[in-house]
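Here is the structure we will look at, set down as structure tokens.
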Amino acid sequence: MNDNRNNLTGKVLAYEAIHGAGCAVVNLNPAQSGFGNKEYDEDDVEVYSGERGVLDTTKPAEIESSEGPALWDPTEAEGSVNTKSAPKPVGAYPHARKVGDLIYLSGVGPRQPKTNEIPGGPIHDSDGNALDYDIRAQTQAVIDNIARILEEAGSSINNVLDVTSFLIDMDRDFQGYNEVWAETLGKVGPTRTTLAIRALPTPIAVEMKVIASI
């Protein structure tokens, strides 16, 4: 074997850069032209200049969304509550988490599970141009998503204790949001704080953070 190190010809099939070096897949064939007295790197070597990543078969954890940031599968940990009936998170966190007799929900928006559509329409298009939207439809969709998560946790919308709401346009949207609240969660009677914020990660106008009992 040592006398035939360079008695080979072939071609590079694929190449991947690895920590400043590289790894290649090659096809080698015996060659009569080899001298058998040189190391591999003593002659000119073929340099592969194709695209990197051709050997990468791993898939990212997140799933691309047509609107806004990438969507993630909800994380699993002790006490986590997740359901396919709620929209995917935009980061590494669960839909909710049980601690004792309480359930803490991550911020819930109006996006629809599976389709990622926004009832009432998004607040802007993909170029950032403002769009007209229905805050009542968005608020109702948020509450519907909350109900689905609580049902998965073995609770219900009637067990909501405290809500923190986030509106991206308080002047425009508070009245419509408040009307839907009165017809739904207002009848349950949780405490509530409503905050005006500049933006949310997806093109939505309202999000709610909920604490409920089991």
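Every number in this text was worked out from the coordinates using simple rules, so none of it is lab data. Worth saying up front: this structure is predicted, and the values here are computed from it rather than measured. Cβ coordinates were reconstructed from backbone atoms using ideal geometry, including for glycine residues, and neighbour counts include every protein chain displayed.
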Other-chain or far-sequence residues with amide H under 5 Å of residue 80's (modelled H): 98
Under-5 Å amide H pairs with residue 124, H placed in peptide plane, nonlocal only: 131
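Given an 8 Å cut-off on Cα distances and at least 6 residues of separation, report the relative contact order of the stretch 82-214 as a percent. Don't skip to the answer; put the middle values down first.
Numbers: 252 pairs, mean separation 43.2, N = 133.
The normalised contact order for the stretch 82-214 reaches 33 percent.
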Segment residue 196-residue 213, length gained on full extension (0.36 nm per residue, minus Cα span): 3.5 nm
124, 95 arranged by Cβ crowding within 10 Å, fewest neighbours leading: 124, 95
Cβ-based exposure ranking for 188, 81, 142, in which fewest neighbours within 10 Å come first: 188, 81, 142
Footprinting exposure proxy for 114, 88 (fewest neighbouring C-beta atoms within 10 Å first): 114, 88
By average C-beta atoms within 10 angstrom, highest first, the peptides 203-209, 117-123, 98-104: 203-209, 117-123, 98-104
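What percent antiparallel are the DSSP beta bridges of the stretch 62-213, to the nearest 5?
Details: 20 of 26 bridges.
Looking only at bridges with both residues in the stretch 62-213, the antiparallel portion is about 75 percent.
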Vicinal HN-Hα couplings computed from phi for the stretch 180-191 (Karplus, 6.51 cos²θ - 1.76 cosθ + 1.60; Hz; Gly/Pro x): 5, 4, 4, 7, 10, 5, x, 7, 7, x, x, 5
